[in-house]
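Everything below concerns the one structure shown next.
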Amino acid sequence: MKTQSPNRTPLYITGLATQYPSNIVSSEGFEDIVKRLYPKHIGSTRIQKLIAVNKLTGISSRPLVSNFSGDETTCSSPPPIDEISRTFREIGVDLAVSACKKALLEAQISASEVTHTVAVTCTDTGNPGYDILVTGKLDLDPEVDRTLLHGVGCAGGLAALRTAANMAAGAAQRGIPARVLVFACELCSLYTRCELQSACDDNKEFSIGPVLFSDAAAALVVCNELGLERGVRPVFELLDWNSAILPGTLASMSYLVEPDGYHLRLSKCVPENCVGAIMPMYKTLESSFGYGDDFKTSDCDWAMHPGGIAILRGAQQALNLFQDQLRASFDIYQSYGNSSSPTILIVLDRLRNMGYGRDRVIATSFGPGLRIEMFTMKRCRSKPNRRLTE
């Protein structure tokens, strides 16, 4: 069931930015980290399995806030959850602030012109939310309408965009300009130690999370037509969107807190379930493109959350797509890994910088639930006419 009728209010992404930490760990470097942290367990079956999966992921390198050198290697146990939270609320906040500043600069709006914020993370649960720390550093108006999402995992980037789009559309119906700052930040590596330690213990659940996830922040600005600044050419126009929970998949993916941090659990059925959900969701949105029945999924560029190589390859085959239609997703996955919620926004940022491309774009992501999020959008080849309200 659709969440709304096709969008008729012009909405635009006017700024889009990515921020990775400067520290890059290669695939080989990860193996060195494991050897350094857990030398007594390097020959164990589970650690060897993790190293083998690391080589098969197709990820060449991952940006992480730490390379786990120095004093960290002397700790016999992973850092406690309060220490992890403090790190996020310092380093993660700074990453998010950097991404936001770049997005605001491209959108050509000042901090004082932001009307709403929508933030998302699944790697910190501190209160007040990290969004308030970010907006404080950006010096946003204290009366800005703020929303913080949690519990949506890798689907979070598009869940935040969906929330922002609904806000901007609602403001337009009231005749109010909307300039919504959306940002996502995840420091997945803060939980690498606890997941590696679990891998060393045969009595605990095994996770491949340490070889998939990286750290990043991303930000974008969504404007309705009333909030669009003169002279600004938007990046994308948002056409329609939808989300859904896949029945019977609640236990397929989780990221649950334990005393030493969050632990990822993934079922082997996740790629199949995610790929199988794409076409039904697309069918609820295809009319937003305004084409006839002969319009196909292969007529679009796809920004797909790179949750794993099996999802990307499975989607390519199921949807009969050319490799270049998923070029941004493959590129981000291979070069940077999966950074959870910011990743789909990073894929969109990469896509718009990879040449002329197809006019229509479909963005989709997946997260715990299992849930699917999807947007239809089109590239802005020219500046739309701004409706004057003076």
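Bear in mind that the values in this text are calculations on the coordinates, not laboratory data. These numbers were taken from a predicted model, which means no experiment stands behind them. Glycine also receives a Cβ, built like all others from the backbone with ideal geometry; neighbour counts cover every protein chain displayed.
Numbers for the structure displayed
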item	result
Peptide ranges 39-50, 179-190, 366-377 listed from the most packed, as the mean C-beta count within 10 angstrom indicates	179-190, 366-377, 39-50
Computed magnitude of the charge dipole of the chain (debye, nearest 20; Cβ of K, R +1, Cβ of D, E -1)	900
Distance cut-off 18 Å, percentage of C-alpha pairs in the stretch 233-379 lying past it	56
Alpha-carbon centroid distance for the pair the stretch 160-206 / the stretch 78-124, whole angstrom	11
Two-decimal log10 I(q)/I(0) for the stretch 16-227, as the Debye equation yields it once each C-alpha is a single scatterer, q = 0.17 Å⁻¹	-1.09
Mean ellipticity per residue at 222 nm, deg cm²/dmol - from DSSP H runs of n ≥ 4 across the chain, formula -39500 (n - 2.57)	-10000 deg cm²/dmol
Proximal lysines relative to Lys378, as straight alpha-carbon distance under 28 Å, when same-chain residues fewer than 8 apart are discounted	Lys2, Lys101, Lys102, Lys283, Lys296
For the stretch 222-239 and the stretch 27-63, distance of Cα centres in Å	45
Cross-link partners of Lys204 among lysines (Cα-Cα below 21 Å; sequence separation of 8 or more within a chain)	Lys35, Lys40, Lys49, Lys268
Cut-off under 5 Å, modelled amide H: who pairs with Leu149 long-range	Ala119, Val120, Thr121
Table column - 3J(HN,Hα) (Hz), the stretch 89-100, Karplus curve with 6.51, -1.76, 1.60, x for Gly and Pro	6, 10, 5, x, 4, 5, 4, 5, 4, 4, 4, 4
Share of pairwise Cα separations in the chain, more than 36 Å, in percent	21
